[in-house]
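Only one structure is covered here, and it is reproduced in the block below.
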Amino acid sequence: MDGQDNQPPAQPLANGADTAPAAGLISQYVKDLSFENPNAPAIYQNQNAPGIDVQFNIGAGQIGDEVHEVILKIEVRAEIEGTVAFIVDLTYAGLFGLRNVPDEHVQPFLLGEGPRLLFPFARRVLADAVRDGGFPPLLLEPIDFSQLYIQQQDAAGQQPTGDIGQA
């Protein structure tokens with residue numbers, strides 16, 4: 001004997017069922033987009049850079065068998081010397097198909113990896129809306145949604161469930 005196991009190769013399941021975990025982005029879309037420019041045209045006379053406040057909210061829900069919707073809500077408020085320059089509310093969403101994913105990995109995927117996949121597209125929509133409103137495009141820095149998920153779990157006194165993979 002050469003020390004190797006002489007076991008036969010694994011056989012496919014008799015019924016041909018695919019039991020491997022799989023996750024994929026089915027589609028993505030703007031659910032809601034609002035841009036307010038309440039002090040135009042006077043705000044364009046002020047050449048100072050606005051102070052920008054950005055808030056994120058992430059949600060997820062199951063909408064069908066093996067189909068989940070991930071919602072990335074971004075709210076931006078820009079002010080110049082106490083005067084509102086613009087307000088943007090964007091709700092960007094994606095449908096994700098999850099098959100054979102263990103329960104402990106579903107939430108970390110939907111709240112960590114899902115927003116990571118949607119963010120570049122939401123960022124572009126937001127930048128275009130700000131530019132179309134007469135301001136320089138607002139380019140948000142990349143966000144580590146997986147790390148945010150883990151921090152929120154830690155803050156809530158819960159152990160993060162499962163590993164969050166990269167696509």
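The values are calculated or read from the model by the stated rules, or taken from the named source; none is laboratory data. Since the structure is predicted, the reported quantities are computational estimates derived from the model, not experimental observations. All Cβ positions, glycine included, derive from the backbone under ideal geometry; neighbour counts span all protein chains shown. Accessible surface areas use protein heavy atoms only, side chains included; no ligands, DNA or RNA. Shrake-Rupley method; radii C 1.70, N 1.55, O 1.52, S 1.80 Å.
Annotations for the structure displayed:
- Ligands, DNA and RNA left out, the accessible area of region 27-167 computed with a 1.4 Å probe is 49% carbon and sulfur.
- Pairwise label distance in nanometres, Asp32 with Phe56, each label 7 Å out on the Cα-Cβ vector: 2.0 nm
- Given R0 = 30 Å, the distance between the Cβ atoms of Ile80 and Asp144 translates into a calculated FRET efficiency of 0.50.
- In range of the label at Tyr44: residues from region 126-145 whose backbone nitrogen is under 14 Å from the point 7 Å along Cα→Cβ: 131-136
- Residues of region 44-150: accessible area per residue with a 1.4 Å probe, Å²: 50 Å²
- Rounded to whole numbers, the Karplus 3J(HN,Hα) couplings from phi for region 49-63 are 6, x, x, 10, 10, 10, 10, 10, 9, 10, x, 8, x, 7, 10 Hz, using 6.51 cos²θ - 1.76 cosθ + 1.60 with θ = phi - 60°, and x at Gly and Pro.
- Of interest is the spacing of the C-alpha centroids, which for region 49-68 and region 90-120 amounts to 10 Å.
- Neighbours of Asn37, meaning other residues whose beta-carbon lies under 15 angstrom from its beta-carbon, give a summed charge of -3 when Lys and Arg score +1 and Asp and Glu score -1.
- HN-Hα J in Hz across region 67-80 - Karplus 6.51, -1.76, 1.60, θ = phi - 60°, x for Gly and Pro: 10, 10, 9, 10, 10, 10, 9, 10, 10, 10, 10, 10, 10, 10
- For region 18-70, the list of GluC sites (Glu not before Pro) that fall in a loop by DSSP and count at most 12 other C-beta atoms within 10 angstrom is empty.
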